[in-house]
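Read the structure below first, then the notes.
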Amino acid sequence: MGWCTLQEEGPDRVSAWYQERLDFVVDSAAQRGLKLLIMVGCTPKWAGGGDDLTGFPSDPSDFTRAMTYLASRYQGRVAAWEIWNEPDCRGGCPNGSASDYVPVLQAGYRGVRAGDPSAVVVSAGTSGNNAPWIEQMYAAGAKGFFDVLAVHPYLEPVTAPPDAPSANMVYRLTSVEAVHDVMVRYGDQGKPIWFTEFGWTTASSGERPGVDEATQAAYLRSAVELTVRRFPYVTAAFWFCMRDRDDWTPYENHFGLLRLDGSAKPSFAALQQANAWLGAK
């Protein structure tokens, strides 16, 4: 969800239409027994976001108040709040400043704790398993301001299987070991890691064509099995995304478990099978 849309017109004004949409999503999820992780990002112009809304808040306490409001409104109905998205890519991957991000993380953590002490606070998912950037985040004072550390373990090349060797590459699922090593060095080995985005595109055109639909399904299943077997500190994984899109590049548009028309790819059944396998363990 976008903070820049929720409070587009000022710190004391909430966009009613957007609030209604959020209420609908949260209520609908609760009715279906789903646990929600909501990622919050995008700074309003009035708070320092700039014309392109990519800036961090000039005064982090503005973000604290926004998160206190959200966590309080949805207390007990939103399981976890993720504070921003891929801040290591702000200005182009991996050039985002960890020292600029950490005050935002701290502000978000304080807001969630004030609004709903039982909710889980998740650090922003990095692009890939960006262990060097996460080390910078710790050095800037991130420890103690999140309950879960998040990464987005996409692969390069985009057709690589989930068990492709790390080879000290950020864009390998197996490089999550390097992320965990950083956490151990900072005494945070007891905290879990979540894959708050991962997946494989089925794009057949464009600059970065992906895998076919059968391979996407096979990779989903094997990624879950690999993670359980080798990386027990990874306790949740969120596939990106539910349905294909038509608003971006072919690569970005075809990560869905469903096609654009809503029909299921083989990966949709693979997700059900993976969840059933996890539930039986």
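The values are calculated or read from the model by the stated rules, or taken from the named source; none is laboratory data. All figures in this text were calculated on a predicted structure; none of them were measured in a lab. All Cβ positions, glycine included, derive from the backbone under ideal geometry; neighbour counts span all protein chains shown. Surface areas here come from the heavy atoms of the whole protein model, side chains and all, with no ligands, DNA or RNA. Shrake-Rupley method; radii C 1.70, N 1.55, O 1.52, S 1.80 Å.
From the residues in the range 6-59 that are open to solvent by less than 30 Å² (accessible area, probe 1.4 Å) and among the polar types (S, T, N, Q), which one is farthest from the chain's Cα centre (by Cα)?
Step by step, filter the range 6-59, then rank; the result is SER15.
So the check is Cβ under 6 Å with 6+ separation or different chains; which pairs have a first residue in the range 119-142 that's acidic (Asp, Glu) and a second one that's open to solvent by less than 10 Å² (accessible area, probe 1.4 Å) and assigned to a helix (DSSP H, G or I)?
From residues that are acidic (Asp, Glu), the pairs are GLU135/VAL182.
Quickly run through the range 60-81 and pick out the residues that are within 16 Å of the chain's Cα centre (by Cα) and either open to solvent by 10 Å² or more (accessible area, probe 1.4 Å) or more than 28 Å from LYS35 (Cβ to Cβ) (or both).
Step one: list which residues in the range 60-81 are within 16 Å of the chain's Cα centre (by Cα), which gives 78-81.
The answer is ALA79, and nothing else.
Residues of the range 27-42 being in contact (Cβ under 8 Å) with a residue 40 or more places away in the chain and either under 26 Å from TYR101 (Cβ atoms) or hydroxyl-bearing (Ser, Thr, Tyr) (or both), which ones?
Hits for the range 27-42 are LYS35, LEU36, LEU37, ILE38, MET39, VAL40, GLY41, CYS42.
Give me the pairs, please: first residue somewhere in the range 1-13 and without any contact (Cβ under 8 Å) to a residue 60 or more places away in the chain and farther than 16 Å from GLY55 by Cα, second residue anywhere and small (Gly, Ala, Ser) and open to solvent by 20 Å² or more (accessible area, probe 1.4 Å), beta-carbon distance under 7 Å, and either six or more positions apart or on two chains.
none
Mind checking whether some residue in the range 219-232 is assigned to a loop (DSSP other than H, G, I, E, B), touching a residue at least 24 places away in the same chain (Cβ under 8 Å) and under 18 Å from TRP277 (Cα atoms)? If you could, list the steps in order and put the result at the bottom.
First, pick out the residues of the range 219-232 that are assigned to a loop (DSSP other than H, G, I, E, B): 231-232.
From what is left, the residues that are touching a residue at least 24 places away in the same chain (Cβ under 8 Å) are 231.
Next cut, under 18 Å from TRP277 (Cα atoms) only: 231.
Yes, there is a match, as at least one residue in the range 219-232 is assigned to a loop (DSSP other than H, G, I, E, B), touching a residue at least 24 places away in the same chain (Cβ under 8 Å) and under 18 Å from TRP277 (Cα atoms).
Pick from PHE56, PHE24: which is assigned to a loop (DSSP other than H, G, I, E, B), among the aromatic types (Phe, Trp, Tyr) and on the phi < 0 side of the Ramachandran plot? Break it down stepwise before answering.
On the way: PHE24 fails: assigned to a loop (DSSP other than H, G, I, E, B).
The unique qualifying residue is PHE56.
Any chance you could count how many residues in the range 242-268 are open to solvent by less than 40 Å² (accessible area, probe 1.4 Å) and either of a type in the set (Val, Ile, Thr) or outside any loop (DSSP other than H, G, I, E, B) (or both)?
So the count comes out to 4.
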